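A.B. asks: The structure that follows is given in the form of structure tokens.
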Amino acid sequence: METENKINVTKKRSILLSILLSIITPGLGHLYNGKLKLALLIPISFIIVTNVLYQLSLVKSFLFLVILVLIFLFTYLFAIIHSVYLAKNNKEYQLKHFNKSYIYLLFVMFYFAIGEIIPLNSSIRTFSIPTTGMENTLMAEDFILADMDYYNFNKVKRNDLVIFNDPRYPTQLLIKRAIAFEDEKISIENGNIFINGQAFKEKNKSIIFEIDYFADLKETAIPKGHIFFIGDNRPNSLDSRMFGSISINSIKGKPLYVYFSNSFNRVGQYVN
């Protein structure tokens, strides 16, 4: 009789605690409210769906990034609202065998462990732009998404924006525009670029052309397996004019689009 009383303990569910647990891990609030199957379904479904989007590289499109964010918000809102509904209606809740603090802790560990077991697409990375060297294409404090596998399958073309290792600080990355390639000769006079003696036609209207003291460059030959990069903010960019051409082995990826910026109208803007 004493055993039966211990098992059938009733305790009202806290709405505030349901919210807090759902914020920590979606589904944890449901576990707290006795819905074990739903508690497991919510986080597992969320992790699988988001990872499928990553593995298919769909997030390379800004639209799918928006969808991913909406899925994230919907999952958390559903988890919070529904757990509050359960707590509000569980006036005489009978404690289950899994309503223990260590079970809640194991649930959180399970959630993050599943996230580690199913790895995200490592080719997708995010970066923040710290300097003005690529204005007006990329502004300081823009946040961009990049495809780090793109140039494993595609050749760098003239005018491409490329992410590569900074030759001065190899652990750091730079983003510049590819201008000249191996076996070509490049020179800059009064801010105008010449490749093999022919004037280079600029296609990007965002480039800043103001002449600065380091804008000019004597004719320079590009060695085999190297590319000459220049920033779009020509008078205020540290690039191949200072540190020379870059080995193709240093190329790391391609910037795709701005996913966040201080200027809202730049969000979702593809960079090229």
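Yes or no, residue by residue, for (1) within 23 Å of residue 155 (Cα to Cα); (2) not in a loop (DSSP other than H, G, I, E, B):
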residue: 170; (1), (2): yes, no
residue: 180; (1), (2): yes, yes
residue: 183; (1), (2): yes, no
residue: 186; (1), (2): yes, yes
residue: 204; (1), (2): yes, no
residue: 219; (1), (2): no, yes
residue: 227; (1), (2): yes, yes
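A.B. asks: Answer with yes or no whether residue 194 is at pLDDT below 90 and not assigned by TED's automatic domain parsing to the domain that holds residue 63.
C.D. replies: Answer is no for this residue.
A.B. asks: Tell me which residues, restricted to segment 234-272, are farther than 26 Å from residue 124 by Cβ and not polar (S, T, N, Q).
C.D. replies: Scanning segment 234-272 gives 234, 235, 238, 241, 242, 243, 244.
A.B. asks: Going through 77, 58, 65 one at a time, which residue ends up being more than 14 Å from the chain's Cα centre (by Cα) and either under 30 Å from residue 149 (Cα atoms) or exposed (fewer than 15 other Cβ atoms within 10 Å of the Cβ) (or both)?
C.D. replies: 77
A.B. asks: Tell me the residue from 260, 200, 228 that is in contact with a Phe, Trp or Tyr (Cβ under 9 Å, 6 or more places away or on another chain) and modelled with pLDDT of 95 or more, please.
C.D. replies: 228
A.B. asks: Please pick out the residue among 145, 173, 161, 138 that is touching a Leu at 6+ places or on another chain (Cβ under 6 Å) and in contact (Cβ under 8 Å) with a residue 12 or more places away in the chain.
C.D. replies: Going through 145, 173, 161, 138 in turn, the sole match is 145.
A.B. asks: When segment 26-59 is examined, which residues are found to be out of contact with any Ser or Thr (no Cβ under 9 Å at 6 or more places or on another chain) and among the basic types (Lys, Arg)?
C.D. replies: Of everything in segment 26-59, just one residue is out of contact with any Ser or Thr (no Cβ under 9 Å at 6 or more places or on another chain) and among the basic types (Lys, Arg), namely 37.
A.B. asks: Now for a different question. Based on what the data block shows, is residue 243 in contact with a Lys or Arg (Cβ under 8 Å, 6 or more places away or on another chain), in the same structural domain as residue 129 (by TED's automatic domain parsing) and among the aromatic types (Phe, Trp, Tyr)?
C.D. replies: yes
A.B. asks: Would you be able to say whether some residue in segment 162-183 is surrounded by 15 or more Cβ atoms within 10 Å (Cβ to Cβ), of a type in the set (D, E, K, R) and in contact with a Gly (Cβ under 6 Å, 6 or more places away or on another chain)?
C.D. replies: Yes: segment 162-183 contains one or more residues that are surrounded by 15 or more Cβ atoms within 10 Å (Cβ to Cβ), of a type in the set (D, E, K, R) and in contact with a Gly (Cβ under 6 Å, 6 or more places away or on another chain).
A.B. asks: Could you check, for segment 42-65, whether at least one of its residues is at pLDDT 85 or above, hydrophobic (A, V, I, L, M, F, W, C), within 30 Å of residue 267 (Cα to Cα) and touching a strand residue (DSSP E or B) at 6+ places or on another chain (Cβ under 9 Å)?
C.D. replies: So far as segment 42-65 goes, yes, one or more of its residues are at pLDDT 85 or above, hydrophobic (A, V, I, L, M, F, W, C), within 30 Å of residue 267 (Cα to Cα) and touching a strand residue (DSSP E or B) at 6+ places or on another chain (Cβ under 9 Å).
A.B. asks: Hey, another quick one. Can you name the residue in segment 80-111 that is in a loop (DSSP other than H, G, I, E, B) and surrounded by 12 or more Cβ atoms within 10 Å (Cβ to Cβ) and, of all such residues, is modelled with the lowest pLDDT?
C.D. replies: This residue is 90.
A.B. asks: Let me ask you something else. If I ask for residues that are of a type outside the set (Ser, Thr, Tyr), over 25 Å from residue 183 (Cβ atoms) and either touching an Asp or Glu at 6+ places or on another chain (Cβ under 7 Å) or in contact (Cβ under 8 Å) with a residue 40 or more places away in the chain (or both), which ones from segment 254-271 would you list?
C.D. replies: 255, 256, 258, 260, 262, 266, 268, 271, listed by residue number.
A.B. asks: Could you please let me know if residue 33 is polar (S, T, N, Q), under 21 Å from the mean Cα position of the chain (by Cα) and surrounded by 15 or more Cβ atoms within 10 Å (Cβ to Cβ)?
C.D. replies: no
A.B. asks: Could I ask something else about it? Name the residue, out of 249, 262, that is under 25 Å from the mean Cα position of the chain (by Cα), over 29 Å from residue 153 (Cβ atoms) and not small (Gly, Ala, Ser).
C.D. replies: It is 262.
A.B. asks: How about segment 140-163: which of its residues are part of a loop (DSSP other than H, G, I, E, B), of a type outside the set (D, E, K, R) and more than 14 Å from the chain's Cα centre (by Cα)?
C.D. replies: Result: 140, 154, 156, 159.
The values are calculated or read from the model by the stated rules, or taken from the named source; none is laboratory data. As the structure is a prediction and not an experimental result, all values here were calculated from the model. Cβ: placed from backbone, ideal geometry, glycine included. Neighbour counts: every protein chain shown.
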